Amino acid sequence: MDFSYILNKKARIQEKINSINKTMDIGEYWIHDNFENSSNCIFAGGDGSFNKIDYIDYCLYSVGTISYINETGGKIEESIKQWDIDIMLPYKYVSNRLRLYMINMELKTILWNFINKDIDYYLFDGSLYSLLIQTHTYGAPRNLEQNSDLTYCYNSHKKELMEKIYAQLNNNDLSPIYDYNEDEKILFEQLEYIVLLVEILKNYKNKIIGISKTSKMSIYFENSNMPDMGIFSKGVKKTGYSKPINLVEKQFNEGINYTINNFKKLYPLENLYYGFLKLDNNSGLTNITSFCKLDNEVFSNLKEISVSGYPYVLKKSHETVKISNKSMELCGKLLGINKKRDRDIILD
């Protein structure tokens with residue numbers, strides 16, 4: 001690398017950085033709040049994970065999910081957990097399919113908690129908007145109406161699939177459904193995702209809160225090249241929250257309108273609120289999404305179960321559910337797999 005070239009570009013790069021660092025006015029959007037209005041509230045929250053080893057003729061994978069429950073003023077307790085391991089033939093979209101397996105297990109975890117536990121809210125690790133996107137972007141054309149197989153399967157098999165899912169949940173089983181026809185496997189994996197999400201929204205949409213540490217969306221400051229989270233992070237010094245924006249009513253972003261309008265063909269979505277929250281003066285922001293408006297009491301309760309401004313149930317779930325490469329190596333040995341990997345062929 002030519003370090004003299006890098007030094008010659010230093011001034012130009014610093015100039016770009018300084019232009020990015022300009023602070024924008026957030027006053028009309030930000031509500032300062034100390035969150036001192038807590039009450040008795042029970043939260044559950046969880047996370048999922050997956051990992052894989054690519055062998056020459058198949059992929060060994062493991063996928064898992066875990067959730068915890070925390071009452072304001074109480075101790076955190078494990079709710080439910082499950083890991084699953086199997087092999088997958090080297091079809092296309094392997095990583096996308098495994099990510100979908102993981103999310104399906106997370107959705108089953110949400111459903112299981114609402115059925116079996118007395119909770120007020122479930123905290124989803126991520127954006128609820130991202131859940132809508134994946135109903136029409138994985139393994140299928142962007143427009144659901146153009147995919148006759150998917151729409152036909154959804155209308156024809158949603159009842160059958162839901163019966164299978166509830167039978168699983170009654171046995172505390174969160175694993176993927178495996179008894180698909182081999183030729184329709186990818187389609188039915190997507191269908192399982194859609195059926196699960198719609199079932200949760202039909203029954204519990206006002207009790208789900210999406211919490212994310214990152215966000216690349218520009219909704220509040222649509223004419224800025226910087227995401228909302230970056231702008232709020234620079235301007236917000238004290239605890240509070242942003243005035244929520246209803247993405248269903250917002251009619252300026254083509255991508256958002258497309259996603260929501262496509263999802264409305266599956267479920268009549270009326271609200272999806274988007275905003276930011278700062279629970280601790282010394283911590284960063286979190287992106288908050290919900291299907292109903294959240295108030296000071298909900299945020300005060302969230303503060304009670306948070307550490308450094310982030311819900312501990314999500315932090316603990318994320319740390320516990322990780323499936324490391326070392327764990328996958330051990331799984332392969334325990335299963336007696338001695339196959340060469342893809343990368344080993346290159347090294348030979």
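Some observations on this one:
- Averaging 1/r over every pair of different alpha carbons in segment 233-341 and inverting the result gives a Kirkwood radius of 17.5 Å.
- Where GluC sites (Glu not before Pro) in DSSP loops with at most 14 other Cβ within 10 Å are excluded, longest remaining stretch of the chain: 37-221
- Of Lys108/Lys326; Lys75/Lys216; Lys205/Lys316; Lys117/Lys234; Lys108/Lys234; Lys52/Lys202, those spanning more than 30 Å from alpha-carbon to alpha-carbon: Lys75/Lys216; Lys117/Lys234; Lys108/Lys234; Lys52/Lys202
- Across segment 33-347, C-alpha contacts under 8 Å between residues 6 or more apart give a mean separation that, scaled by the residue count, equals a relative contact order of 26 percent.
- Across segment 43-55, rounded Karplus estimates of 3J(HN,Hα) from the backbone phi angles (6.51 cos²θ - 1.76 cosθ + 1.60, θ = phi - 60°) give 10, 10, x, x, 7, x, 7, 8, 8, 8, 10, 8, 8 Hz, Gly and Pro being marked x.
- A 1.4 Å probe run over the protein chains yields, for segment 33-347, 47 Å² of accessible area per residue, whole-number rounding.
- DSSP-defined antiparallel bridges as percent of all bridges, the chain, nearest 5: 85
- Taking amide hydrogens as placed 1.01 Å from N in the peptide plane, the amide H of Asp47 sits under 5 Å from those of Ile66, each at least 5 positions away in sequence or on another chain.
- Note on segment 249-348: with charges restricted to the Cβ of Lys and Arg (+1) and Asp and Glu (-1), its dipole about the Cα centre is near 440 debye.
- At R0 = 25 Å, FRET efficiency that the Cβ-Cβ distance of Asn281 and Glu319 yields, to 0.05: 0.55
- When Rg and the Kirkwood Rh are both derived from Cα coordinates, the Rg/Rh ratio for segment 15-130 amounts to 1.15.
- D_trans [Stokes-Einstein, Kirkwood Rh over alpha-carbon pairs] for segment 33-347, 4 °C, 1.567 mPa s, µm² s⁻¹: 62
- Only alpha carbons enter this Debye calculation for segment 165-230, each as an equal point scatterer, and the log10 of I(q)/I(0) it gives at q = 0.13, 0.23, 0.26 Å⁻¹ is -0.64, -1.01, -1.12.
- Estimated at 0.36 nm per residue, the fully extended path between Ser233 and Arg341 surpasses their Cα-Cα distance by 34.5 nm.
- Label point distance in nm, Glu36-Asn171, each placed 7 Å from Cα along Cα→Cβ: 5.4
- The shape of segment 191-263 can be summarised by an equivalent ellipsoid whose semi-axes, obtained from the alpha carbon gyration tensor, come to 27, 17, 11 Å from longest to shortest.
- Per atom type, the chain shows carbon and sulfur on 47% of its accessible surface, probed at 1.4 Å.
- Rounded FRET efficiency, nearest 0.05, which uses the C-beta distance separating Lys81 from Ser327 and R0 of 22 Å: 0.90
The values are calculated or read from the model by the stated rules, or taken from the named source; none is laboratory data. Predicted model only: the values in this text are computed from it and were never measured. Quick reminder, even Gly has a Cβ in these numbers, built from the backbone with ideal geometry, and neighbours come from all protein chains shown. For accessibility, only protein heavy atoms count, side chains too; no ligands or nucleic acids. Shrake-Rupley method; radii C 1.70, N 1.55, O 1.52, S 1.80 Å.
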